[in-house]
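S.K.: Below you will find the structure I want to go over with you.
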Amino acid sequence: MSGVREVLEALLDFKGNKIREFCLRRLESGRGAYDILEELNRGLEEIGRGYESKEFRRYFESDLIVSGANMKRAVELLRPHLVGEGERKRRGKILLGTVKGDVHDIGKTVLSILLQSSGFEVVDLGVNVDGETFVKGVREHQPQLVGMSALLTSTAPYMEEVIKALKEAGLRDKVKVIVGGRAVTEEFAKEIGADAYGRDAVEGVRKCLELLGE
Amino acid sequence: MPGAAGGMKVFMLYRGPFGEQMVNNLVLRGLGGSTVGTFQLTPELLEEEHPGEELWSRIWEEPSRYVPRSLPRVRCDLLLVLGIHSRLGDLIPPIAERMGAKSVLYPIDDRQHAPEGRKSVEEELERRGIHVEFPEPFCALEDSEDPLIREFCRYFGKPRFRVVREGGKIRAVEVLRDTPCGSAHAVAHKMVGFSCEDLKSLKERLFQEHHNEENENYCLAEMDPLAPYMQEAGDILVDAFFEACGFPTTRDLILQERERGRVGFEALKRKLVEEEKRCETERTIRRILRELGLEA
């Protein structure tokens, strides 16, 4: 079986057995946990491209949901092989949420796990989060970072509303804002006044570290 | 299905995790003795069978030529089409005919499941004397005039529960009719022990468990606000559970509101979807108004 096909089959197995076998096989062959996540991430990108394609939409929303759930399983499985939490300093606090109108949380959950593995304290506000809840969360938890996610193009514009709400509450200068999710692009992030854009969870962690000057 | 559903033979065409979950659940919880075969029908399979051809502009012109060569040669009474790509819909009439199917059940739980030429698929099947239904979403299917689909509905479709309450908690839940995806069984299992005193919390928990990907089975319908099939399926499940508990369903609330003079779709939507959040989508209001013979 070709590598790409193997990755796609593992990601699209709704029972979640193949992803476990895939990760264990890769670990046994000496591959590192971050390498395996990168490989799976390329598979997720392939599915994402197939979902977004205007000419031929090869993948559906159910494929995104199942592949995301399997990515989450993979991260959980590989977590002990990622850098040990106790060995690192606490890096900062981030408030995460999927914006109002959107109930997808798998990408955000994967990011949350990777951030925690990298030493961040994560406050997860959940899905379908409105501007008022983000503002309340910032006041209460005083994070350095706010992360917003949206899978749907119809809900991504709400990120701008959240940024406006933070400005109106006088909190915009107190936090750095990072946005991500399938519906978001780097250009969009700039347009709405976000500080950073994460293409995927792995890049999201890197950008969060950069925002903290690390 | 006991007695193999009166000898009914079922064949399932499916695609991807959505279809795979349905096939697994249907076979496990009722159709095991009736299923004569399953087949994963994907665009990739046709591309492999017809390398270098301009497939997608030709299938609709001559669909019988593109019936997969590897499709099992079996006969069936009821053909289920579970989540295949919208561009492959034209293949269903020749496939159904070849299998001798009398009825086709072609649910749509995602815009990508709807056959591109739905009207022509319907006409081609009718021309061959084959009955077809397109429930949207699949778990809205309650009954049918078609005897084969009615037989299917005895076991799967709009969920039905029997709930035992005791001391303000859910003590036992029995699934009388499962959703085709199996989420009704998964939710039933999770609700035992949950408090049923606060209806808002009960509704929220039911809705969350309905699409909780950590469950054995969960709703995989599209959830884009522009096509909220998942949200509607969630409303259907919540109402079925509420009905079994003896709590007011959306239908009851709509009838109450109408008695109070709120008769228009917009007023019902504002109250039940936006203010009280009793429903997740206005599609639910529209469906119930249609069922009551009060078109929205």
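The values are calculated or read from the model by the stated rules, or taken from the named source; none is laboratory data. Everything quoted here is computed from the prediction, not taken from an experiment. Using ideal geometry, Cβ is built from the backbone for each residue, glycine included, and neighbour counts are taken over all protein chains shown. In case anyone asks, the SASA skips ligands and DNA or RNA and just uses the protein heavy atoms, side chains included. Shrake-Rupley method; radii C 1.70, N 1.55, O 1.52, S 1.80 Å.
S.K.: Once the convex hull of the C-alpha atoms of chain B is built, how many Å³ does it hold per residue, rounded to a whole number?
M.R.: On the way: hull volume 40.3 nm³, N = 296.
Expressed per residue, the convex hull around the Cα atoms of chain B is 136 Å³.
S.K.: If you don't mind, there's one more thing I want to ask. Roll a 1.4 Å probe over the protein chains and send me the accessible area per residue for segment A:58-214 in Å².
M.R.: Working: 6640 Å² over 157 residues.
Accessible area per residue: 42 Å².
S.K.: Using a Gaussian network model on chain B with a 10 Å cutoff between Cα atoms, which of B:G83, B:G182, B:G246 fluctuates the most?
M.R.: It is B:G246.
S.K.: When N counts the residues of segment B:1-160, how does its alpha-carbon radius of gyration compare numerically with 2.2 N^0.38 Å, as a ratio? Walk me through the intermediate numbers first.
M.R.: Values: Rg = 14.9 Å, N = 160, 2.2 N^0.38 = 15.1 Å.
In units of the globular-protein estimate, segment B:1-160 measures up at 0.98.
S.K.: If you count the DSSP beta bridges with both ends in the protein assembly as shown, what percent of them are antiparallel, to the nearest 5? Please report the intermediate quantities before stating the final value.
M.R.: Values: 8 of 44 bridges.
Just about 20 percent of them are antiparallel.
S.K.: Also, I was wondering about something else. Once the Cβ-Cβ distance between A:T153 and A:E9 is put in as r, and R0 is 35 Å, what FRET efficiency do you end up with, to the nearest 0.05? Could the numbers behind the result be given before it?
M.R.: Details: r = 28 Å, r/R0 = 0.80.
Rounded to the nearest 0.05, the efficiency is 0.80.
S.K.: List the residues of segment A:135-164 for which accessible area in the full set of protein chains is at least 20 Å² lower than for the chain on its own; 1.4 Å probe, protein heavy atoms only.
M.R.: Output list: A:L152, A:S154.
S.K.: Rg to Rh ratio, chain A, alpha-carbon atoms and Kirkwood radius?
M.R.: On the way: Rg = 17.2 Å, Rh = 17.6 Å.
Checking Rg against Rh, the ratio lands at 0.97.
S.K.: Over segment A:63-214, with every protein chain in place, what whole percent of the accessible area is carbon and sulfur at 1.4 Å, could you tell me? Walk me through the numbers on the way to the answer.
M.R.: Working: 3020 of 6550 Å².
Here carbon and sulfur together make up 46 percent of the probe-accessible area.
S.K.: Quick one: angle between helix A:33-52 and the longest Cα principal axis of chain A, in degrees between 0 and 90, rounded to 10, please.
M.R.: Roughly 80 degrees, rounded to the nearest 10.
S.K.: Where only protein heavy atoms count, and the probe is 1.4 Å, what is the accessible area per residue for segment B:216-271 in Å²? Don't skip to the answer; put the middle values down first.
M.R.: On the way: 2150 Å² over 56 residues.
That works out to 38 Å² per residue.
S.K.: Skipping prolines and chain starts, which residues have an amide H placed within reach, meaning under 5 Å, of the one on B:H211, given they are 5 or more residues away or on another chain?
M.R.: Counting only residues 5 or more places away or on other chains, the set is B:C219.
S.K.: Kindly state, to the nearest 0.05, the FRET efficiency for A:K164 paired with A:E203, given R0 = 22 Å and r defined as their beta-carbon distance. Write out the running numbers ahead of the final one.
M.R.: Values: r = 26 Å, r/R0 = 1.16.
The formula returns an efficiency of 0.30 here.
S.K.: For chain B, find the longest principal axis of its Cα atoms and tell me its angle to the long axis of helix B:282-291, 0 to 90°, nearest 10.
M.R.: Result, in degrees: 80.
S.K.: Moving on to the next point. Going by a ≥ b ≥ c, the root eigenvalues of the Cα gyration tensor, does segment A:137-214 fall in the rounded group (a/c under 1.5), the prolate group (a/b larger than b/c) or the oblate group? Can you show the working numbers first?
M.R.: On the way: a/c = 1.83, a/b = 1.12, b/c = 1.63.
Because a/c hits 1.5 or more and a/b fails to exceed b/c, segment A:137-214 counts as oblate.
S.K.: Then there's this: Spelling out what I want: for every residue of segment B:26-32, take phi, set θ = phi - 60°, compute 6.51 cos²θ - 1.76 cosθ + 1.60 (Karplus), and round to whole Hz; glycine and proline get x.
M.R.: 5, 5, 5, 10, x, 9, x
S.K.: Quick check: from the Cα gyration tensor, does segment A:57-159 come out rounded (a/c under 1.5), prolate or oblate? Walk me through the intermediate numbers first.
M.R.: Details: a/c = 3.09, a/b = 1.09, b/c = 2.83.
Here segment A:57-159 falls in the oblate category.
S.K.: Over 27 Å between Cα atoms, which of A:K15/B:K190; A:K207/B:K200; A:K174/B:K200; A:K15/B:K102; A:K54/A:K167 qualify?
M.R.: Values: A:K15/B:K190 18 Å; A:K207/B:K200 39 Å; A:K174/B:K200 36 Å; A:K15/B:K102 32 Å; A:K54/A:K167 36 Å.
A:K207/B:K200; A:K174/B:K200; A:K15/B:K102; A:K54/A:K167, as the Cα separations exceed 27 Å there.
S.K.: Something else about it: Just which residues of segment A:101-124 lose 40 Å² or more accessible area with every protein chain there, against their chain alone, with the probe set to 1.4 Å?
M.R.: In segment A:101-124, residues shielded by partner chains: A:V103.
S.K.: Find, among the trypsin sites (Lys or Arg not before Pro) in segment B:14-91, those assigned to loop by DSSP (not H, G, I, E, B) with at most 11 other beta-carbon atoms within 10 angstrom.
M.R.: On the way: sites: B:R15, B:R29, B:R58, B:R65, B:R69, B:R73, B:R75, B:R87; in loops: B:R15, B:R69, B:R73, B:R75.
Qualifying residues, ordered by number: B:R69, B:R73.
S.K.: For the pair B and A, how large is the buried accessible area, both sides, in square angstrom to the nearest 100, if the probe is 1.4 Å?
M.R.: Working: alone 13820 and 11040 Å², together 22470 Å².
Its buried surface, counting both partners, is about 2400 Å².
S.K.: Keeping the other protein chains in place, figure out the carbon and sulfur percent of the accessible area of chain B, with a 1.4 Å probe.
M.R.: Working: 5630 of 12650 Å².
Reported share for carbon and sulfur atoms: 45 percent.
S.K.: Positive end of the dipole of segment B:1-137, charges at C-beta (+1 Lys, Arg; -1 Asp, Glu), about the Cα centre: which of B:Q21, B:C76, B:L41 has its Cα farthest in that direction?
M.R.: B:C76
S.K.: Follow-up. If you wrap segment A:1-115's Cα atoms in a convex hull and average its projection over all directions, what's the area in nm²? Mind showing how you got there, number by number?
M.R.: Details: hull surface 34.7 nm².
The orientation-averaged projected area of the Cα hull of segment A:1-115 comes to 8.7 nm².
S.K.: Taking only Cα atoms, what is the 0 to 90° angle, nearest 10, from helix A:158-168's long axis to the longest principal axis of chain A?
M.R.: Here the helix axis deviates by roughly 30 degrees.
S.K.: Residue by residue through segment A:15-27, which ³J(HN,Hα) values in whole Hz follow from phi under the Karplus form 6.51 cos²θ - 1.76 cosθ + 1.60 (θ = phi - 60°), with glycine and proline marked x?
M.R.: Karplus values, whole Hz, x for Gly and Pro: 7, x, 6, 5, 5, 5, 4, 4, 5, 5, 4, 5, 5.
S.K.: Taking 60 Å as R0, compute the FRET efficiency from the Cβ-Cβ separation of A:E186 and B:E126 and round it to 0.05.
M.R.: The formula returns an efficiency of 0.75 here.
S.K.: Could you grab the Rg to Rh ratio for the protein assembly as shown? Cα atoms only, Kirkwood for Rh.
M.R.: That ratio is 0.98, to two decimals.
S.K.: What residues does segment B:83-111 have that are buried by at least 30 Å² of accessible area in the full protein assembly compared to the chain on its own, 1.4 angstrom probe?
M.R.: B:H85, B:R87, B:D110
S.K.: Binning every alpha carbon pair distance of segment B:73-232 at 10 Å from zero, what are the percents per bin?
M.R.: 10, 33, 31, 17, 7, 1
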